[in-house]
Each structure stands twice: as C-alpha cells, then as structure tokens.
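K.L.:
Have a look at this one.
Nothing in this text is a laboratory measurement; each read-out follows from the coordinates by a stated rule. All of these numbers come straight from a predicted model, not from anything done at the bench. Because the Cβ atoms are built from the backbone with ideal geometry, glycine has one as well, and the counts that use them run over all protein chains shown.
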Amino acid sequence: MTFKTIPILRIFDEEKAREFYLDFLGMKVDWEYRIEPGAPIYMQVSRGELVFHLSENSGDGTPGTKIFVEVDDVESLHAEVSGKNYRYNRPGLQDAFWGAKIMEVIDPFSNRVIFNESREG
C-alpha cells in the first residue's frame, strides 16, 4: 500500500501565487481548474515529487498553514532560490535542534514551507 500526501494551501491572488511557487520555488503547473470563467482557481503545482494544491476557494485550507518537506540537498535549494530576484522573501539556512539543516520560506498568504535536510550520524 502506498500513500502520498498533497497539502491544499489557501491562496488569495493567482498572480502572486504563480510568482512565488513557479518563479521563486521553481515549481510548474500540472493542471488548473475553474468551475466557470472568473471563478476561483484550483491548481496543482509540483517540482519532482513535491506536490501542492493551491486554492482560492473559501474553505480550502487555512492561511498560515505550515508544511514540512524533506529534501536531500537544502544548501543547493537555498543557493538556487537566493539567486532569484524575489523581493518578498530572502530565506536563510538554520541548524535545527533535531540535528537537521532547514530553510523556511513564507508565501504571500502566510503559508510556511520548511525544507528539512536530515543529518545522519
């Protein structure tokens, strides 16, 4: 039996969401859906096996959600996103108390994504 978790993150502005998730984090749109033209968007974005659903629909998620993502090379990811000219977020690297190195980013809707690289040993 295989499970895959896909968090639904509440967004309020499609353009700002695209700027953050696509341009800054390097994700791509897999699909998008609107019940009719002008209706709120619901879309899936991904980067490798990392998948998020982004929704403008009320009731789909709560602003300020925190997501914990395991990554195998947080320093390379940090270098990549730090090299982009995204004026609203300049994440740093931190050593976590549980022995990992982390990078936390905050989207324009107060959702937080913590990228965690575990340190074995």
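K.L.:
Among TYR21, TYR42, TYR88, rank each residue by its count of other Cβ atoms within 10 Å, from fewest to most, as a rough exposure measure. Intermediate values should be presented prior to the final figure.
P.N.:
Working: TYR21 24, TYR42 18, TYR88 12.
If I rank by nearby Cβ atoms, fewest first, I get TYR88, TYR42, TYR21.
K.L.:
Now a separate question. Return a single number: how many Lys pairs in the chain, at a sequence separation of 8 or more or on separate chains, have alpha-carbon atoms below 25 angstrom apart.
P.N.:
Close lysine pairs found across the chain: 11.
K.L.:
Taking the inverse of the average 1/r across all pairs of different Cα atoms in the range 8-118, what Kirkwood radius in Å do you get?
P.N.:
Numbers: mean 1/r = 0.0686 Å⁻¹.
Evaluated over the range 8-118, this radius sits at 14.6 Å.
K.L.:
If you don't mind, another one. Kindly write out, for the range 5-11 in residue order, the coupling ³J(HN,Hα) from the Karplus curve 6.51 cos²θ - 1.76 cosθ + 1.60 (θ = phi - 60°), rounded to whole Hz, with x marking Gly and Pro.
P.N.:
Result, ordered by residue: 9, 10, x, 9, 10, 7, 10 Hz.
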